[in-house]
Amino acid sequence: MIMNNFIVTKKSNKNQARAGVLITKSGKIQTPFFMPIATRGSVRSVDAAEIKKIGAQIILSNSYHLYLKPGLRVIRKAGGLHRFMNWPGPILTDSGGFQVFSLSGESRTTFASAKVVRDESAGRPGALVKVSDQGVEFKSVYDGSKHLFTPRLVITMQEIFGSDIMMVLDQCVANPCSHKKAETAMQRTLKWAEQSKNSPKSKKSLLFGIVQGSLYRDLRLKCAQALVKMKFDGYAIGGLAVGEDPKEMCRVLDYTVPVLPQDKPRYLMGVGLPEQIIAAVKRGIDMFDCVIPTREARHGRLYIQNAKLRTLGHGFYSTVNIKLKKFAQDVSPINPYSKLPQLRGYSKAYLRHLFSVNETLALKLATLNNLEFYQNLMQSIRRAIKNNLI
């Protein structure tokens, strides 16, 4: 069934999972999908061609960082973000709301044993942030200069970038927080969403609203219902994976997703671990992003797939710390199933050696391994939905 820019091609008969196609001005994307994070216009350690080769359909960049460096003038002169970073496929740009949140130092959370931050670069301690109904005033983490993000400016920025999917400015709070604090942020998010919706913009880019409300059912439902009335092109669920128990995240999805339109894509921001992605897909989520694969790679933790990732049952993957001594003489390939010759050709012992002598090639190989694992995971999820296995 074709509904605007989103086509649902298959629904699971076991749960709310669905496969589909999201149509953007830069191409079609098979859903569900995972977006590698190119915060400053680059996925760390790897180039655009390599990201394309591992199967990534779309990447995510961040308006906050790109606004500060290299700046709007440079990106405009380059002809937009696609040309600037030599990426031909779709790009989603975050509004910068979460980065402003991270400037407060509240954004650290724990997933299993791995400490992660959704943004690739949290703000420096003591950075000035002032939030009002007008927008967000902050100091640059680079030179201390003052800036004000308003809902309209954020849309203008993303128009200059040429983003395929633009996000509205929102206010995120840490979990847990008081009902009063969550309600204030939610109401402000709705006000900003309306201003963003009414801002001048082209008809080629898609604009997503963001559901906030912390862990409070009444606030989440109120926010979701109000955003649906504004008729966005898609709907994100934000403010999760910021300190709450993963079970709480699933509970929020259980009552929030049913309120969102069936004919629009749903994006769970900042999630997550493979098992969290699968749990969210079963609840009707179509889009994901997270720093886990790239951040873990930089610390030498590799995601290892079970055979050719044909099953998503218990034990379908594992993680290893390639820096451990036991890999010093392991001459087996980094990933014998990889599309990339370097991951099939280089050994685990060689990769461990690269980390031990601080060679930058270690970061490239580990990052490619983890990102390819995530793309293979999403491909397996799509296949499982189509075959009624999930």
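Any read-out appearing in this document is the output of simple, stated calculations on the displayed coordinates, not a laboratory observation. Only a predicted model underlies this, so the values are computations on that prediction, with no experimental measurement involved. Backbone-built Cβ (ideal geometry, glycine too); neighbour counts: all protein chains shown.
Values computed for the structure shown
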{"quantity": "Nearest-20 debye value, the chain charge dipole, Cβ charges on Lys, Arg, Asp, Glu", "calculated": "640 debye"}
{"quantity": "Length gained when the stretch N4-N86 is fully extended (0.36 nm per residue, less Cα-Cα span)", "calculated": "26.7 nm"}
{"quantity": "Efficiency of FRET from Cβ geometry, D263 and V74, R₀ 41 Å, rounded to 0.05", "calculated": "0.60"}
{"quantity": "Residues with amide H under 5 Å from that of L206, placed H, sequence gap 5 or more", "calculated": "I165, M166"}
{"quantity": "Entries of K11/K181; K52/K191; K339/K386; K11/K201; K52/K348 with Cα pairs more than 28 Å apart", "calculated": "K11/K181; K52/K191; K11/K201"}
{"quantity": "Antiparallel DSSP beta bridges within the chain, as percent of all bridges there, nearest 5", "calculated": "55 percent"}
{"quantity": "Calculated Cα Rg over 2.2 N^0.38 Å (choose from (i) 1.76; (ii) 0.95; (iii) 1.00), label", "calculated": "(ii)"}
{"quantity": "Top positive-direction residue, dipole computed over the chain with Cβ charges, set A241, V271, P341", "calculated": "P341"}
{"quantity": "Neighbourhood charge, 15 Å Cβ-Cβ cut-off, centred on K25 and excluding it, Lys, Arg +1 and Asp, Glu -1", "calculated": "+2"}
{"quantity": "Pairs from K229/K282; K180/K222; K53/K323 whose Cα-Cα separation, in the structure shown, is over 19 Å", "calculated": "K229/K282; K53/K323"}
{"quantity": "Chain lengthening between K181 and S356 when straightened (0.36 nm per residue, less Cα-Cα)", "calculated": "58.4 nm"}
